[in-house]
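Notes follow the structure.
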Amino acid sequence: MCTMCGCGTGHVHMNGKILHDHNHDSAIDAHVHVPGMNESRRVKIEQAILAKNDRYAQENRHFLAGHGIFMLNLVSSPGSGKTTLLVETIKVLQDTLPIAVIEGDQQTDHDAMRIRATGVPALQINTGKGCHLDAHMVGHAMEQLDLRDNSLLFVENVGNLVCPAGFDLGEAHKVVILSVTEGEDKPLKYPDMFHAADVMLLNKCDLLPYLSFDVEQVIEYAHRVNPALQVMNISATEGSGLQQWVDWIKSGHRRMTRQVVTAEKTTL
Amino acid sequence: MALAENMLQIIEEEAAEQSFTQVSTVWMEVGRLSCVEKEALQFCFSAVTDGTIAQQAKLEIIDIEGWGRCMQCHCEMVLNTLYDACPSCGNYAIKVIAGDEMRIKELEVE
Ligand SMILES: Nc1nc2c(ncn2[C@@H]2O[C@H](COP(=O)(O)OP(=O)(O)OP(=O)(O)O)[C@@H](O)[C@H]2O)c(=O)[nH]1
Ligand SMILES: [Mg+2]
Ligand SMILES: [Zn+2]
Ligand SMILES: [Zn+2]
């Protein structure tokens, strides 16, 4: 049962269980006419469509900051190598940091099983028809994962370069993964995602010798959309470039935990 | 789809607060730099509102022009995409100052 919301969308499953039922308490029967109320009038509301998501995201961010948890939201088109990258990253980091993973897919728990095989806890969210994770689902997933203080939390979003861009989950950074088999113009075709991300990982670089992919060009396009975007060339399967990525994670994680220490000191 | 569902939720909450039982028009501002596809939104909106207080509602989309400010020369310009270059200095570092909104402005209700 949900304690935070009166929430919407159909059937979302977490580790196979329905997140919660769709109930339309707030829906009013369209045929009831309240006397004296059926004159046409205008109501100003001025509400941003994503305001609700943004509020949940702020709650998540607040929780994460309080516990020194560094959360990264991995986004990409399907098959660019998110799960492979996570598995390899976990292997490098799991002896030094507590790690947990939230997996978002429309169907199946294959990716969560791949993560659990490393020994790290993973929670699978199946969004059904939903094409992205939202901050509310992720908040519930965080509760269920029983996260450790000062840990590292990865979210693998649903493979989709469009919708996840608009949904803040409360993460420290969005990381967009683009594989070299996808074409150089992806950043221009899906600018919102490259605009929203702080890091771009160019994956499957081991395949470059077999392709005519232009690395300079893709980086130039990505920087048109987002001049501050940090780019790292990697191969999740061969391990090249992973050290730079891992170092980037470690320094972000250190900053996060230091914040908590400072906050504790100031409350003394 | 999620956007349309969020819209319906906002409308239903408003209905409970302001006690109306029918919505005939929804005015919504959509910036040109937001990720909203207008036709797709019209379609999703009519799909999710079916059988609700907004099932008869007409969705009026108000188009908002994109505007940006160059981080280098500080001039302001109309932005058509997130990767336009500054027309006066050629720089790509441009901050979006308008055109990324998705908001419900007003409802006509009874
Ligand atoms: N050559 C090469 N293949 C890779 C690399 N990274 C991933 N792959 C392959 O790409 C395919 C898809 O990888 P996944 O890790 O499942 O990709 P994903 O982004 O998690 O996919 P979805 O969750 O379905 O969106 C697999 O066959 C991987 O072995 C890489 O660096 N080089
Ligand atoms: Mg995956
Ligand atoms: Zn809930
Ligand atoms: Zn300029």
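List of remarks:
- Filtering segment A:115-126 to residues that are more than 16 Å from A:G16 (Cβ to Cβ) and open to solvent by 70 Å² or more (accessible area, probe 1.4 Å) leaves only A:A117.
- For segment A:74-101, the set of residues classified as more than 16 Å from ligand 2 (Cβ to nearest atom) and within 15 Å of A:L201 (Cβ to Cβ) consists of A:V92 only.
- Annotation: B:E39 fulfils all but one of (1) within 23 Å of A:R41 (Cα to Cα); (2) more than 10 Å from chain A (Cβ to nearest Cβ); the unmet one is (1).
- Strands (runs of 3 or more DSSP E) within segment A:70-176 that include 2 or more residues touching a strand residue (DSSP E or B) at 6+ places or on another chain (Cβ under 8 Å), within 20 Å of A:D54 (Cβ to Cβ) and more than 16 Å from ligand 3 (Cβ to nearest atom): A:70-76, A:152-156
- Close Cβ contacts (under 7 Å, 6 or more residues apart or on different chains) running from residues in segment A:57-70 that are in contact (Cβ under 8 Å) with a residue 40 or more places away in the chain to residues that are open to solvent by 70 Å² or more (accessible area, probe 1.4 Å) comprise A:A65/A:Q259; A:H67/A:D149; A:G68/A:D149.
- Options B:I53, B:I97, B:I11, B:I61; residue that is surrounded by 19 or more Cβ atoms within 10 Å (Cβ to Cβ) and more than 8 Å from chain A (Cβ to nearest Cβ): B:I11
- Qualifying residue in segment A:70-82 (condition: within 14 Å of chain B (Cβ to nearest Cβ), surrounded by 16 or more Cβ atoms within 10 Å (Cβ to Cβ) and in contact with a helix residue (DSSP H, G or I) (Cβ under 6 Å, 6 or more places away or on another chain)): yes
- Flag for A:Q259 being touching a strand residue (DSSP E or B) at 6+ places or on another chain (Cβ under 7 Å), more than 18 Å from A:E88 (Cα to Cα) and surrounded by fewer than 17 Cβ atoms within 10 Å (Cβ to Cβ): no
- Failed item, numbered, when A:M200 is tested on (1) hydrophobic (A, V, I, L, M, F, W, C); (2) touching a Leu at 6+ places or on another chain (Cβ under 6 Å); (3) open to solvent by 20 Å² or more (accessible area, probe 1.4 Å): (3)
- Any hit, segment A:161-178, residues being over 11 Å from the mean Cα position of the chain (by Cα), at pLDDT below 95 and within 16 Å of ligand 2 (Cβ to nearest atom): yes
- Only one of the listed residues (A:K52, A:K129) is within 14 Å of another protein chain (Cβ to nearest Cβ) and loosely packed, with under 13 Cβ neighbours inside 10 Å. That residue is A:K129.
- Screening B:C86 against (1) within 30 Å of A:A228 (Cβ to Cβ); (2) at the interface with chain A (Cβ under 9 Å from one of its Cβ atoms) leaves a single unmet condition, (2).
- For segment A:161-177, the set of residues classified as open to solvent by 10 Å² or more (accessible area, probe 1.4 Å) and of a type in the set (G, A, S) consists of A:A165, A:G166, A:A172, listed by residue number.
- Hits in segment A:191-220 (condition: within 12 Å of chain B (Cβ to nearest Cβ) and under 19 Å from B:A85 (Cβ atoms)): A:P191, A:D192, A:F194, A:H195, A:E220
- Any pair with Cβ under 8 angstrom, 6 or more apart, that starts in segment A:97-114 at a residue that is open to solvent by 70 Å² or more (accessible area, probe 1.4 Å) and ends at one that is of a type in the set (S, T, Y) and modelled with pLDDT of 95 or more: A:R114/A:T83
- Which numbered condition A:R61 fails, given (1) modelled with pLDDT of 95 or more; (2) more than 16 Å from ligand 2 (Cβ to nearest atom); (3) touching a helix residue (DSSP H, G or I) at 6+ places or on another chain (Cβ under 6 Å): (3)
- Residue check, A:N15 modelled with pLDDT under 90 and within 14 Å of chain B (Cβ to nearest Cβ): no
The values are calculated or read from the model by the stated rules, or taken from the named source; none is laboratory data. Source: prediction; values computed, not measured. All Cβ positions, glycine included, derive from the backbone under ideal geometry; neighbour counts span all protein chains shown. Ligands, DNA and RNA are excluded from the accessible area calculation, which covers all protein heavy atoms including side chains. Shrake-Rupley method; radii C 1.70, N 1.55, O 1.52, S 1.80 Å.
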